[in-house]
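Reading through the structure tokens given below for one structure.
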Amino acid sequence: SLTSLTLGVSPNITKIKATMFYNCTSLVSVNFVEAFPNCKELGTSTFENCNALRTISSTRNDGVFEIKYTYIESKAFKNCDSIKAIKFTASGTKLFQEVFHSLDSLEYIYFPRDSKLELPSCEVFSNNAKLKAVAFPDDCTVIPDRGFKNCTSLEAVYLPANLDELMTNGGGQG
């Protein structure tokens, strides 16, 4: 079964299509960062159910997942149980429904304070029972419905001063 994938450099790739690696349960690492330097989008369910996935960059293998993508569609990382922390490095990101839903090992989510973040859909970070802390960027104005639903270990959330709306059950259950 496929455990790692390294691809040749292709500057023409700008999006990884929906379900590209859906149910690749043994996949541990994919080197997209260097292979597709202009890729900014991940399609729906790109890595859904990739339980062993730890990194999409060859530079880290410690469970810290560095995200450089600016547009991540629904369920792109749903059930990726080996991701321990998510660090966004893009200057602007748009995340859709259940992008990081049910990541059994996820403890921390970090956005650079000066980045832009759009969360147009609900349950973006839901069902992450081990999630302890989230730091949102200063630009974030809305935390969507059920944003932290069933995040029962949540201890700290940095909410920006210019937050306009914390929607229904935005703080989760627990």
Checklist entry - For the cross-link pairs Lys40/Lys149; Lys17/Lys84; Lys40/Lys94; Lys15/Lys149; Lys15/Lys94; Lys17/Lys132, which exceed 20 Å when the distance is taken from alpha carbon to alpha carbon? => result Lys40/Lys149; Lys17/Lys84; Lys15/Lys149; Lys17/Lys132
Item to check | Cut-off under 5 Å, modelled amide H: who pairs with Ile86 long-range | outcome: Phe65, Tyr108, Ile109, Tyr110
Checklist entry - When the Cα centres of the range 72-140 and the range 32-53 are compared, how far apart do they sit, in Å? => result 14
Checklist entry - Of His101, Phe148, Ser29, which is farthest along the charge dipole of the chain in the positive direction, counting Lys and Arg as +1 and Asp and Glu as -1 at C-beta? => result Ser29
Next on the checklist: So if a site counts as exposed when it's one of the GluC sites (Glu not before Pro), its DSSP state isn't H, G, I, E or B, and it has at most 15 other Cβ atoms within 10 Å, what's the longest stretch of the chain without one?
Outcome noted: 35-154
Checklist entry - For the range 69-111, what does the alpha-carbon gyration tensor say about shape, rounded, prolate or oblate, given a ≥ b ≥ c as the root eigenvalues, a/c under 1.5 as rounded, and a/b over b/c as prolate? => result oblate
Checklist entry - Once the Cα atoms of the range 60-146 are picked out, what are the Rg and Dmax in Å? => result 11.7, 33
Checklist entry - Along the Cα-to-Cβ line of Lys130, 7 Å from the Cα, sits a label point; which residues in the range 13-28 have backbone N less than 14 Å from it? => result none
Checklist entry - Using alpha carbon coordinates only, what is the Rg to Rh ratio of the chain, with Rh defined as the Kirkwood radius? => result 0.95
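No value in this document is a laboratory result; all are computed from the given coordinates. Since we're looking at a predicted model, the values are computed, not measured. Cβ: placed from backbone, ideal geometry, glycine included. Neighbour counts: every protein chain shown.
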